[in-house]
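Note sheet for the following structure.
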Amino acid sequence: MSVGMTAAGAAVGVGVAASLAFVYIFVVAPARSPLNVMPGPRSTHWFFGNIRDIFDIMWKQGKFPEPILSWVNQYGGVFYYRAMMSDRILLTDPVALKYVAVTNSDIYPRDFGTRTIFRDLIGGDGLLSTEGATHAQQRKMLQPLFRHDKIKSFLGIFQHHVRRLQEHHLRAVEATDARPGQAVNLHKLFTKLTMDIIGVSAFSYNFDALAPVDPTATAPRGTHGSASQISVMEALELLLTPPSLLYVVGIFFLPFFPHWPLPPQNRRRRAQRKLFQVVDAVLEAKLAPSRPPPTAATTPSTSRKMLDLVDLMLEESNDPKVSLDEARMHVMTFMLAGHETTSSMLSWVFAVLAQHPTEEAKARAECRQVLAANNDSWDWKALGELKYTTAVIHEVLRLFPTASQLSTRVCIEDNYMPTSETTTAGDTKTYFIPKGATVVVHTGSLHRNPKYWSQPNEFLPERFLEGSALFEADKALRGGQGNAFYYMPFSAGPKNCIGMRFAMAELQVVVAALLTRHSFRLTNNANVLPTMVGVTMRPRHLDMTVHVVD
């Protein structure tokens, strides 16, 4: 037999094998999938499945939360769709959500890719990347840090930094009778604000992102004016920049991809090393064996002693030998979770209020009344009296949850998932979920499902005021139930946002303080269509003018 014939035969064999593999992967395997009993949209691409439809309609066209909301209305609260050669189960059914997030969360851990990304960002296994006993242990240690009595001590920090925002950035661009004012990108200012707040709150470090800009300086100012500190700010911004699509795909399909010597990874590593140096310098002093009890810091706006989150962690921990790596990991977790998400929430609040002046005026009147009755201070009592303003925040988070899709879960053992639906025989309808199935929770469509919310696409803060007509109307749609597992901006169960009380208090203080003095109006250059940056949804371009309100 000639060499040519042998080569030709080998080529034919490879071609046949490739064809058979293609047929099995894209025809036979999907046809034999146990998920086929579920309803769902038809796949529109052999490789991407339905992902291109979601990207095009939801993000490119800006029609959030379509097309998923239409699929929910058509196929129900549990259905499957195709994505990147695999099936995904999408949940908005409240019974199924409770089953996955709470009662059986141990068999629905977060997926490998999500955990790898967070592990790479924070430099170890923290609360966002661990599962099982390790996660439970970390959660138990950190949970006391976010009790109401602890969060109260941070209110002074929130007030101090929002005042700096007003004094150093807003007053210079305010529109008055004598001048039209200057447009600002409000999201960028909120990013600076939340950066300073989380730095001081987490480990008593002031990034000084809100420092006034010196127009005569040859280089941007950093904390305390040093060149090294500006690189620290840049390092934090770079490290918290959401990963690219290429990076995310590489995590799932390429082994050890975060450690490949590619330019994006190298830049991220340099930023990580710089930030770790700063964090370590602060933590080494806190962890020193001869350190005094942690009572050194004071709130910027008062002379009262306060403890940052690391101090509180050391105070609450039963282990007196908390390692530097462990403490750093938790600081990075606090900054990662409490920076971009909160700035995006603030951006949505003011983007929505700018389009609803009646609701804005009502919230402002409440804020001024509460402030006057509480000696011009936003203490814990005052925040509790902001009923309507807090309802505004909740309604914004319902319409525009910054985490529009919660962390993807992977089923690790066969099980039957219950739903709120019933069979023709009156039994609870269940679905068989095989080991290895991927589960996605889409809060964006859950929050606008007309089965659970009256006038779901309208901005109606009254629905979060207990006893109001809208509150009762929504409750009636849910069979008399409250909004648990129908409203999940901070997730639910043992993997929910551990700092949600901290975040809500920060939102209340910042929103109330700004509304009391200012009104923000969208410019012609503004674009408030949703865009997804990493895992956070925010307005595309929040270009606004600042106005003083008498």
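The values are calculated or read from the model by the stated rules, or taken from the named source; none is laboratory data. What you are looking at is a predicted structure, and each value in this text was computed from that prediction instead of being measured. So basically every Cβ, Gly included, is an ideal-geometry build from the backbone, and we count neighbours across all protein chains shown.
Tabulated data
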quantity	calculated
Qualifying residue in segment 492-512 (condition: among the basic types (K, R), part of a loop (DSSP other than H, G, I, E, B) and crowded, with 17+ Cβ neighbours inside 10 Å)	no
Matching residues in segment 462-477 - criterion: being touching a residue at least 40 places away in the same chain (Cβ under 8 Å) and either crowded, with 18+ Cβ neighbours inside 10 Å or part of a helix (DSSP H, G or I) (or both)	E462, R463, F464
Wholly within segment 119-180, helices (runs of 4 or more DSSP H) carrying at least 2 residues that are within 21 Å of L236 (Cβ to Cβ) and either in contact with a helix residue (DSSP H, G or I) (Cβ under 9 Å, 6 or more places away or on another chain) or without any contact (Cβ under 8 Å) to a residue 24 or more places away in the chain (or both)	155-165
Members of segment 104-118 that are charged (D, E, K, R), assigned to a loop (DSSP other than H, G, I, E, B) and crowded, with 19+ Cβ neighbours inside 10 Å	none
Total residues in segment 115-156, condition charged (D, E, K, R) and within 24 Å of F257 (Cβ to Cβ)	5
Tally of residues being of a type outside the set (S, T, N, Q), under 19 Å from D125 (Cβ atoms) and modelled with pLDDT under 85 across segment 272-325	3
